[in-house]
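Derivation of every value follows stated rules applied to the coordinates shown; laboratory data play no part. All figures in this text were calculated on a predicted structure; none of them were measured in a lab. As a convention, Cβ positions derive from the backbone with ideal geometry for all residues, glycine included, and neighbour counts pool all protein chains shown.
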Amino acid sequence: MADQPYRFTEGRLPLLISIPHLGREIPPDVAAQLQPHASVLSDTDWHLDRLYAFADTLGASVLSARYSRYVVDLNRPASGESLYPGQTTTGLFPTETFRGEPLYLDPAGPDARSSAERLSRYWQPYHDKLAEELARLKSRFGTVLLWEAHSIASVLPRLFDGKLPDLNLGTNGGRSCGSDVLDAVTAVLADQPYTWVVNGRFKGGHITRHYGRPDDGIHAIQLEMCQSTYMDETPPFAFRPDLADRVQPVLERMLGAAAARIETRRS
């Protein structure tokens with residue numbers, strides 16, 4: 001439906017790709033509360049729809065956000081509790097950018113009424129659709145892979161030291177995904193040029209942690225990519241085909257290997 005706060009394409013495999021930080025829309029009532037520099041949308045997971053364009057050929061379902069994480073962060077729990085206690089991060093309603101720049105004209109951020117409205121209008125429909133599609137796929141196939149697609153600037157001193165590895169896989173410390181499914185993904189990484197880590201700085205956000213229930217047939221993996229692998233990390237955040245053409249086949253092989261492993265679990 002055109003008025004939904006997400007875009008969705010139904011696939012034919014037990015594979016759902018979720019892209020909760022792709023959105024760039026900000027409704028006028030929220031934009032009026034924000035600092036002018038918020039319109040740059042620097043913390044967007046830029047171009048991931050283009051990078052994962054192979055999903056259609058692969059046969060995956062794809063769910064992506066229309067609205068910016070500055071409206072509400074779909075990868076945070078509705079309670080607002082921190083996913084990384086003791087570490088600097090952004091919340092359900094971010095009041096600062098990743099670099100520490102204030103987002104709101106009023107430092108207090110959105111009031112209770114605005115927060116509740118955003119949860120109802122933007123956060124809940126995305127999660128309802130996510131749960132609905134996982135249920136459909138599980139009913140049809142019995143076992144499902146949820147792939148959480150994310151990207152971030154490779155150097156953000158406020159959030160982590162030094163340069164982030166190129167590919168950061170997260171399975172909530174092994175709790176959101178069967179080890180055999182993860183092994184199928186990491187086997188692909190043995191003969192490619194990108195640095196990678198499993199459950200490093202990024203172990204998986206709310207979606208990975210909440211929906212990943214391997215004992216119940218739903219395996220969830222988050223991939224946080226350095227944006228330097230496929231785009232310019234400074235405004236206007238241009239897509240770089242010369243870089244993307246190198247990393248895109250690696251992504252496709254990773255998802256293909258995971259999907260194949262899910263298929264063997266069904267047999």
Report summary line: One would report the antiparallel percent of DSSP beta bridges in the chain, rounded to the nearest 5, as 40 percent
Report summary line: HN-Hα couplings for the stretch 138-152 via Karplus (6.51, -1.76, 1.60; θ = phi - 60°), in whole Hz with x for Gly/Pro, come out as 5, 5, 7, 10, x, 9, 9, 10, 9, 10, 8, 9, 9, 8, 7
**Report entry** Compactness of the stretch 161-257 as Cα Rg over 2.2 N^0.38 Å, two decimals
**Finding:** 1.13
Report summary line: Expected unfolding gain across F237-S79 under the 0.36 nm per residue rule, minus the alpha-carbon gap, is 53.7 nm
Report summary line: Filtered hits (lysines, Cα-Cα < 22 Å from K138, offset >= 8 within chain) -> K129
Query raised in the report: What full-extension length gain, to one decimal in nm, is calculated for R7 and D216 as 0.36 nm per residue of separation minus the Cα-Cα distance?
Result: 72.6 nm
Report summary line: Between R246 and S120, Cβ-based FRET efficiency (R0 45 Å, step 0.05) works out to 0.60
Report summary line: Contour minus Cα-Cα span, R253 to Q87, at 0.36 nm per residue, comes to 56.5 nm
Query raised in the report: At L105 and K163, where each label point lies 7 Å from the Cα along Cα→Cβ, what is the point-to-point distance in nanometres?
Result: 4.1 nm
Requested in this report: State the percent of C-alpha pairs, over all pairs in the chain, separated by a distance greater than 29 angstrom.
Outcome: 28 percent
**Report entry** trypsin sites (Lys or Arg not before Pro) lying in DSSP loop within the stretch 45-99, provided at most 11 other Cβ fall within 10 Å
**Finding:** none
Report task. Determine, from the Cβ-Cβ distance of R24 and R266 and an R0 of 35 Å, the FRET efficiency 1/(1 + (r/R0)^6), rounded to the nearest 0.05. Result -> 0.40
Query raised in the report: Setting aside same-chain residues fewer than 8 positions from K203, which lysines have a Cα under 22 Å from its Cα?
Result: K163
Report summary line: Counting every C-alpha pair in the stretch 203-267, the percent lying more than 18 Å apart is 54 percent
